[in-house]
Amino acid sequence: MTSFWKNRTAFVTGAAGFVGAHVTRMLVEQGATVVCLQRDAIRINPLDLFDLRSRITTVTGSIEDLPLMQRILNEYEIEAVFHLAAQAIVGVANRSPISTFETNIRGTYMLLEACRLVPTVKRVVVASSDKAYGSHQELPYTEEHPLHGLYPYDASKACTDIIARSFALSYQLPVAVSRFANIYGPGDLNLSRIVPGTLLSLLRGEAPIIRSDGTPIREFVHVEDVARGYLLLAEQIDQTRGEAFNFGADSPISILDFVNLMIRVAGLEGRISPQILLKEKIDREIDAQYLSAHKASARLGWNEAISLEAGLRLTLDWYRDNLDRLG
């Protein structure tokens, strides 16, 4: 365990969400004093599932509230900021683009302006996404690929990405950008996502449903590796400022093969088969998305530590142990 974070102060937006809670947990475990922003009083969220509530300070409010962001950074003398607050569900973004843009775009520039104005802030990491790249013929995505994300969620993350790097270039703000592949692991309560939805179906003895024709190719990285990547970006901010870094597992897989892998991990191969809802591709869905993490490996020393099969076993075990708490 590194001693870098011992007695440092960190502010995590989106801490009540899946990835934010894991970043918070890792910071706490490494000795940081963590302040978390929570917008809504959610009945159950990962901060509670991971028993973090008593180990952090929680502030309720909106990321778009500039005076509140300044007050938090000043009063708690925040050194490191991890910006993970976002409306992250693609379907919700398609139905409600304005609220998505307000949170993901306006929330980003308000927080970064607060960071610019508060001198204690020395390192900032902003969450972008592989979705910011949009559709490209040449894969895997490298950091040199242009950001072509045009659908509401994708566009909001492309804007987040560019705004963060603009603050670094224009104001020398010590900010770096992460672009992760699809993230999975314990504590994801967005059951519309493929991993928790499939694993919970399997634990209940039900056939998992694939809401496409099964052919899209995606990439998945375990949330423990993700949290480690966030901390590395912040720790090495002198070398990462103003840059974006891809984090992926270098193991693209079709959605059908991925679901079948989860069935095998659950020990149900030959007994349960997935239900494929569509015979044709979803209109406007990107066929393949996956990343090159060469830059993160060469510059940060980051590599995937948890393989896909091992990560799915860990995740399945967590959902099995917490099935009663999830309702």
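Where a number appears in this text, it was derived from the coordinates with a stated rule and is not lab data. Only a predicted model underlies this, so the values are computations on that prediction, with no experimental measurement involved. Glycine gets a Cβ as well: all are built from the backbone with ideal geometry, and neighbour counts include every protein chain shown.
Points to keep in mind about this one:
- Spread of Cα-to-Cα distances over 10 Å intervals beginning at zero, given as percent, for region 126-183: 25, 53, 21, 2
- Cut-off under 5 Å, modelled amide H: who pairs with THR58 long-range: CYS36
- Nearest 10 degrees, 0 to 90: helix 152-171 Cα axis against the chain principal axis: 30
- Reciprocal of mean inverse Cα separation for the chain (Kirkwood radius, Å): 20.1
- Integer Hz, Karplus 6.51/-1.76/1.60 couplings in order for region 18-27, x for Gly and Pro: 4, 6, x, 5, 6, 4, 4, 4, 5, 4
- Gained length - PHE4 relative to ILE89, 0.36 nm times residue gap less alpha-carbon distance: 27.3 nm
- Region 287-327 and region 161-212: distance between their alpha carbon centers, rounded to Å: 10
- Reported to the nearest whole Å, the Cα centre-to-centre distance from region 218-273 to region 107-125 is 28.
- Unit Cα scatterers, Debye sum, region 1-140: log10 I(q)/I(0) for q = 0.13, 0.15 Å⁻¹: -0.58, -0.75
- Gaussian network model of the chain, springs between alpha carbon atoms under 10 Å - residue of LEU199, LEU308, LEU261 with greatest fluctuation: LEU261
- Residue among ALA88, ALA207, ALA132 with the largest mean-square fluctuation in a Gaussian network model of the chain, springs linking Cα atoms under 10 Å: ALA207
- In the chain, the longest principal axis of the Cα atoms and the axis of helix 223-235 are about 20 degrees apart.
- Each residue of region 70-83 is assigned a 3J(HN,Hα), and the resulting list reads 5, 4, 4, 4, 6, 5, 9, 6, 5, 9, 10, 10, 10, 9 Hz, derived from the Karplus form 6.51 cos²θ - 1.76 cosθ + 1.60 (θ = phi - 60°), x at Gly and Pro.
- By the rule of a C-alpha distance below 16 Å, with chain neighbours fewer than 8 residues away ignored, the aspartates and glutamates paired with LYS6 are GLU29, GLU77, GLU79, GLU235.
- Proxy reagent accessibility, fewest Cβ within 10 Å first, across TRP318, TRP302, TRP5: TRP318, TRP302, TRP5
- Sites GLU144 and ILE209 - FRET efficiency at Förster radius 41 Å, r taken between beta-carbons, to 0.05: 0.65
- Loop exposure criterion: trypsin sites (Lys or Arg not before Pro), DSSP state outside H, G, I, E and B, at most 11 other Cβ atoms within 10 Å. Applied to the chain, the longest stretch between such sites is 44-203.
- Most mobile of LEU268, LEU112, LEU200 in a GNM of the chain (Cα contacts under 10 Å): LEU268
- Cα gyration tensor, region 92-218 - rounded (a/c under 1.5), prolate or oblate: prolate
- A crude spin-label estimate for the pair ASN74 and ASP51, with each label 7 Å from Cα along the Cβ direction, gives 3.8 nm.
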